[in-house]
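Remarks on the structure that follows.
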Amino acid sequence: MSKQKRTAPRARAAAPAAPAEQAERMPSGAVMERRLAETEYFTPGSVACPGCGGALAMRHFLRAMGPETVVVIPACCWAIIAGQFPYAALTVPTVNCLFAAASAVASGIGAGLRVRGDRGARVMVWVGDGGTYDIGLQSLSGALERNEDMLYVCYDNEAYMNTGIQRSSATPPGAWTTTTPGGKDMAKKNIMEIITAHRVPYAATVSLAFPEDLREKVKKARDIGGARFIHVLAPCPPGWKCQSSETVKLSRLAVDTKLDPLYEVENGLRWRITVEPRNLPVEDFLSRQGRFSNLDANDVRRIQAEVDRNWAVLRRQAEVNPL
Ligand SMILES: Cc1ncc(C[n+]2csc(CCOP(=O)(O)OP(=O)(O)O)c2C)c(N)n1
Ligand code: SF4
């Protein structure tokens, strides 16, 4: 694939809209409201824990992606949630694969679709943080470098949850896991900097608390060719030791405390912050989760300082290289 093709996102035929999806003008005529599609591709009654952020994320993403989606899932909680025929939780084709291999498998499926002349189907790779930040990073980097035609989604619950809450390189500083019983004493890896360094056509962060922003970005990513990457923070009540009813509230707090800034990046070069955070103290987010119960005031101050530093870097990027 030529360099030219890698850096210039090409438009592709828009996927057929989900039947119930529609845009409508509000009575005032001033505001256009887009209704969430009513068509569901994630059937009720799955084995996900109550309040699973990863499960809610899949529901939102598939509503935006539509029926012509092939989902690739390596080892992770979602390999269990997706279930097996004839009890599969998703109504779109789903392929399970080895932990480290998701991006390679997606590359192969993409090649198969091209050989068959199928230009409508989209490959969506659905991977946890362990499979993205750690074990699948090599395969992901290769696929990004080749600009494979795939939407790669990392649902980030900040630990290896399926095997009992072991730390990953996405686990934030101070968090308890079974392998960091005193709290993790290292930073969270900045996956977006790694992804954007590949100069992929599109990369973005989304939040379960901002479904319209999520939907816009997923649909944009859906209709671009080449490698696209989206990160979604996915609260996990058993792993975060939080209330299962607080998934969306915690997602919102993560954005408003600047721990999970929402932005998009085109070609790794042009940046745009899409939601302005309310600038709340990180303590508002940390104090609602048992995994941070060992933190003292100094720890919280250190985390706040790091969050402020990261935000300043991001803000500067968006100002110097705006989208
Ligand atoms: C090569 C390999 N090593 C370890 C495992 C065991 N394993 C299965 S799922 C999993 C955790 C996955 O963590 P993550 O990708 O963060 O997704 P989550 O479970 O949090 O949804 C592990 C370690 C495996 N299946 N294959
Ligand atoms: S352990 Fe966490 S990520 Fe896994 S299904 Fe339960 S809530 Fe979801």
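No lab work stands behind these numbers, since they all come straight from the coordinates. Keep in mind that what you see is a predicted model, and the values were worked out from it rather than measured. Don't worry about glycine lacking a Cβ; one is built from the backbone with ideal geometry, like all the others, and counts go over all protein chains shown.
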Residue check for residue 200: hydrophobic (A, V, I, L, M, F, W, C) and closer than 16 Å to residue 65 by Cα: no
Hits in region 271-306 - residues which are touching a Leu at 6+ places or on another chain (Cβ under 6 Å), within 25 Å of residue 239 (Cα to Cα) and touching a residue at least 40 places away in the same chain (Cβ under 8 Å): 292
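Go through 174, 142, 120, 164 for me and flag whichever is surrounded by fewer than 24 Cβ atoms within 10 Å (Cβ to Cβ) and without any contact (Cβ under 8 Å) to a residue 24 or more places away in the chain. I'd like the intermediate steps shown before the answer.
On the way: 174 fails: without any contact (Cβ under 8 Å) to a residue 24 or more places away in the chain; 142 fails: without any contact (Cβ under 8 Å) to a residue 24 or more places away in the chain; 120 fails: without any contact (Cβ under 8 Å) to a residue 24 or more places away in the chain.
Answer to the selection: 164.
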Any hit, region 93-113, residues being under 21 Å from residue 206 (Cβ atoms), touching a Lys or Arg at 6+ places or on another chain (Cβ under 9 Å) and away from ligand 2 (no atom under 16 Å from the Cβ): no
Subset of region 214-233 that is out of contact with any Asp or Glu (no Cβ under 8 Å at 6 or more places or on another chain) and among the hydrophobic types (A, V, I, L, M, F, W, C) - its residue that is surrounded by the fewest Cβ atoms within 10 Å (Cβ to Cβ): 224
Looking only at region 70-85, and only at residues there that are under 17 Å from residue 163 (Cβ atoms) and not in a loop (DSSP other than H, G, I, E, B), the one that is farthest from ligand 2 (Cβ to nearest atom): 73
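Answer with yes or no whether residue 194 is away from ligand 2 (no atom under 16 Å from the Cβ), in a helix (DSSP H, G or I) and among the β-branched types (Val, Ile, Thr).
Numbers: away from ligand 2 (no atom under 16 Å from the Cβ): yes; in a helix (DSSP H, G or I): yes; among the β-branched types (Val, Ile, Thr): yes.
Taking the combined requirement at face value, the residue satisfies it.
Within region 192-228, how many residues are of a type in the set (Gly, Ala, Ser) and more than 14 Å from residue 271 (Cβ to Cβ)? Even if it seems obvious, please write down each step before you answer.
We begin by selecting, within region 192-228, every residue of a type in the set (Gly, Ala, Ser); these are 197, 203-204, 207, 209, 221, 225-227.
From what's left, more than 14 Å from residue 271 (Cβ to Cβ): 207, 209, 221, 225-227.
The number of residues fulfilling the criteria is 6.
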Top-ranked residue in region 195-243 [being touching a residue at least 60 places away in the same chain (Cβ under 8 Å), in contact with a His (Cβ under 9 Å, 6 or more places away or on another chain) and not hydrophobic (A, V, I, L, M, F, W, C); ranked as nearest to residue 259 (Cα to Cα)]: 211
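Residue check: is residue 192 surrounded by fewer than 23 Cβ atoms within 10 Å (Cβ to Cβ) and of a type in the set (A, V, I, L, M)?
Values: surrounded by fewer than 23 Cβ atoms within 10 Å (Cβ to Cβ): yes; of a type in the set (A, V, I, L, M): yes.
The answer is yes for residue 192.
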Single residue of 75, 79 found to be crowded, with 22+ Cβ neighbours inside 10 Å and either within 16 Å of ligand 1 (Cβ to nearest atom) or aliphatic (A, V, I, L, M) (or both): 75
Tally, over region 91-117, of residues that are surrounded by 14 or more Cβ atoms within 10 Å (Cβ to Cβ), over 30 Å from residue 45 (Cβ atoms) and small (Gly, Ala, Ser): 6
Candidates 184, 189 - the one that is over 27 Å from residue 269 (Cβ atoms), more than 16 Å from ligand 2 (Cβ to nearest atom) and charged (D, E, K, R): 184
Search result, residues across region 126-167 that are part of a strand (DSSP E or B), within 13 Å of ligand 1 (Cβ to nearest atom) and out of contact with any Leu (no Cβ under 7 Å at 6 or more places or on another chain): 126, 127, 128, 153, 154, 155, 160, 166
